[in-house]
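To start, the structure itself, in structure tokens.
The values are calculated or read from the model by the stated rules, or taken from the named source; none is laboratory data. Everything numeric here is computed off the predicted structure, so don't read it as measured data. Glycine gets a Cβ as well: all are built from the backbone with ideal geometry, and neighbour counts include every protein chain shown.
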Amino acid sequence: MTGVSISDEAARHTHFASVLTDKVKSIGYSIRAERAHMKLTGRVFSLARAEFFALILIGAIGLNAARAQNEPILVPEAVDYRKLLAILPEPPPGWAADKPEGSTEDVGGFKITNVHRDYHKGEGEKAPSAAISILDSVSNPDYVSATTEAWKSTSDTSEGYAKSVTIEGNPGFETFEKDTRHAALWVMVADRYFVQIELQNQEPAELQEWIKRIDLKKLAGVK
């Protein structure tokens, strides 16, 4: 990614977002959560949410392609979303949070589990806000491997940065866009759970404080 600007990366992933809109609706992803996210960031599709949706679509495409070739597939069961709702943290002092949302959907013979919660402090466009999502990607281990491998790339420009990180021994990826003050962190836990944190109107260093509020060891043990 060296030499590629943050804006170039955002444009590439925004294309993913436009393709994924109908797909996300078709699998029953919470429309209320999406609207809350759009209000949160002030952008129709953020780089972080586009990446998160891409996980779902690519997983579905990979499995459907294999089925088309009549290959036997043993797909592990995604956990029930209620087990992951308990992992979403309560708001820190001075913050408020929306009710956590989640779903476990059957898509083409395999299940996808996703949970989400929005957090905010104060009112107005410049008020700090955050969003946390967890996706169980156990149905597509190949994509998990490919994604964590891609996280090893880095970019640092006048517009922002993207870099590999390690959180409590777990691989992760962090991005920050200076013009919008939008920061995002992904962490892969137990080779199946994608944890995503998005921050608006906060310093990127706050990502480390938010990830500490999530019990990653407890998440790794959820089956």
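Picking from residues in the stretch 119-140 that are in contact with a Lys or Arg (Cβ under 8 Å, 6 or more places away or on another chain) and either surrounded by fewer than 13 Cβ atoms within 10 Å (Cβ to Cβ) or among the charged types (D, E, K, R) (or both), the one that is nearest to residue 96 (Cα to Cα) is 127.
Just the residues that are within 16 Å of the chain's Cα centre (by Cα) and under 18 Å from residue 207 (Cα atoms), please, taken from the stretch 114-128.
Here is the first cut: in the stretch 114-128, the ones within 16 Å of the chain's Cα centre (by Cα) are 114-119.
116, 117, 118, 119 - these are the residues of the stretch 114-128 that are within 16 Å of the chain's Cα centre (by Cα) and under 18 Å from residue 207 (Cα atoms).
Only one of the numbered conditions (1) assigned to a loop (DSSP other than H, G, I, E, B); (2) more than 25 Å from residue 101 (Cβ to Cβ) is not met by residue 149, and that is (1).
Taking residues in the stretch 131-152 that are farther than 16 Å from residue 87 by Cα, and partners anywhere that are of a type in the set (S, T, N, Q) and surrounded by 20 or more Cβ atoms within 10 Å (Cβ to Cβ), the pairs with Cβ atoms closer than 6 Å and at least 6 places apart or on different chains are 144/137. Of the residues in the stretch 123-146, not one is among the β-branched types (Val, Ile, Thr), closer than 16 Å to residue 216 by Cα, in a loop (DSSP other than H, G, I, E, B) and touching a helix residue (DSSP H, G or I) at 6+ places or on another chain (Cβ under 7 Å).
Results for (1) at pLDDT 95 or above; (2) surrounded by fewer than 21 Cβ atoms within 10 Å (Cβ to Cβ), shown as yes or no for each residue.
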residue: 175; (1), (2): yes, no
residue: 185; (1), (2): yes, no
residue: 189; (1), (2): yes, no
residue: 192; (1), (2): no, no
residue: 195; (1), (2): yes, no
residue: 200; (1), (2): yes, no
residue: 208; (1), (2): yes, yes
residue: 212; (1), (2): yes, yes
residue: 218; (1), (2): yes, yes
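Could you identify the single residue in 199, 219, 185, 207 that is closer than 18 Å to residue 139 by Cβ and either assigned to a helix (DSSP H, G or I) or hydrophobic (A, V, I, L, M, F, W, C) (or both)?
Values: 199 fails: closer than 18 Å to residue 139 by Cβ; 185 fails: closer than 18 Å to residue 139 by Cβ; 207 fails: closer than 18 Å to residue 139 by Cβ.
Going through 199, 219, 185, 207 in turn, just one is closer than 18 Å to residue 139 by Cβ and either assigned to a helix (DSSP H, G or I) or hydrophobic (A, V, I, L, M, F, W, C) (or both): 219.
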